[in-house]
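K.L.:
Encoded as structure tokens, here's the structure I'll be asking about.
A short reminder: the numbers here are calculations on the coordinates, not readings from a lab. For clarity, every value in this text was computed on a predicted model and none was experimentally measured. Cβ atoms come from the backbone with ideal geometry, glycine included; neighbour counts cover every protein chain shown.
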Amino acid sequence: MTDARLLIVGPQGSGKGTQGVRIARELGIPAVSTGDVFRAAVADGSELGQQVQSVIEAGDLVSDELTSAVVRDRLSQSDAEGGFLLDGYPRNISQVAHLDEFLEGRGETLDAVIELSVPRDESISRLSLRAREQGRTDDTEEVIANRLAIYERETAPILGVYHTRGIVDEIDGVGSLDEITDRILAALEARGLFGPAAA
Ligand code: AMP
């Protein structure tokens, strides 16, 4: 398979975590979710977890230094040598610069950025459902509003940077899980990152 270095970007409640795992499995690359790494650290009560717990519970962003260090460590593991799918990172312009620098040092570049678009009402109702089902501490109404505002203010602008590089595939995030996965795989196939051309 062709190496694939991918990002999946979308507002909270767009389903990017679920789709990220599915796509990574299809391509045989690790899915790296910074949110999952932080939540696991909080659950373990590790030093990292203690550093980030209050920030996550408020729905604010963990510092760029700490987050970028976590990502560098994870991408330096051997299973990420042949590609990876990042979910939840980069989340602002400064993290884009960190990631560029890190990849440049390894002679690598990003191949595609999957933008999952979902109307605001739909993402809010999915998040409220998840709050009831999973009881995530950052899925309360007030914290959701904060996270969506941060997305619009800090994260959405990163797509402009990647658009100028011609690597963004905008995917309609409304539909069944399988339909959305198929749309993403078709976009990756068109880039030669999936399917017969990538074998
Ligand atoms: P997520 O599951 O991606 O919504 O992430 C959950 C929380 O983890 C976020 O609300 C932030 O507090 C933190 N987090 C995850 N990724 C990042 C990142 N790239 N930069 C800063 N904070 C992050």
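K.L.:
Run the helix sum for the chain: -39,500 (n - 2.57) per DSSP H stretch of 4+ residues, divided by residue count, reported at 222 nm to the nearest 500 deg cm²/dmol. Kindly include the intermediate steps, with their values, before the conclusion.
P.N.:
Working: 9 runs with 108 residues, N = 199.
-17000 deg cm²/dmol, from helical runs alone.
K.L.:
A further question on this structure: So what is the relative contact order of the chain, in percent, for Cα pairs below 8 Å that sit 6 or more residues apart? Don't skip to the end; give the middle numbers.
P.N.:
Working: 264 pairs, mean separation 66.0, N = 199.
Once divided by the residue count of the chain, the mean separation gives 33 percent.
K.L.:
With r as the distance between the Cβ atoms of A40 and L129 and R0 = 25 Å, compute the FRET efficiency 1/(1 + (r/R0)^6) and round to 0.05. Provide the component values of the computation, followed by the final result.
P.N.:
Numbers: r = 23 Å, r/R0 = 0.91.
Using R0 = 25 Å, I get an efficiency of 0.65.
K.L.:
Can you give me the long-range amide H partners of A112? Hydrogens built in the peptide plane at 1.01 Å from N, cutoff under 5 Å, separation of 5 or more residues or another chain.
P.N.:
R5, L7
K.L.:
If Rh is defined by the Kirkwood formula over all Cα pairs and Rg also comes from Cα, what ratio Rg/Rh do you get for the stretch 47-99?
P.N.:
0.99
K.L.:
A further question follows. If you count, for each residue, the other Cβ atoms within 10 Å and average over each peptide, how do 136-147, 86-97 line up from highest to lowest?
P.N.:
Top to bottom by mean Cβ count within 10 Å: 86-97, 136-147.
K.L.:
I would also like to ask the following. How much length is gained on full extension from S117 to E189, taking 0.36 nm per residue of separation minus their Cα-Cα distance?
P.N.:
24.0 nm
K.L.:
If you wrap a convex hull around the C-alpha atoms of the chain and split its volume per residue, what is the figure in Å³? Could you put the intermediate results ahead of the total?
P.N.:
Numbers: hull volume 23.1 nm³, N = 199.
Roughly 116 Å³ of hull volume per residue.
K.L.:
In nanometres, what is the gap between the two model label sites at D73 and T137, each 7 Å from Cα along Cα-to-Cβ?
P.N.:
2.0 nm
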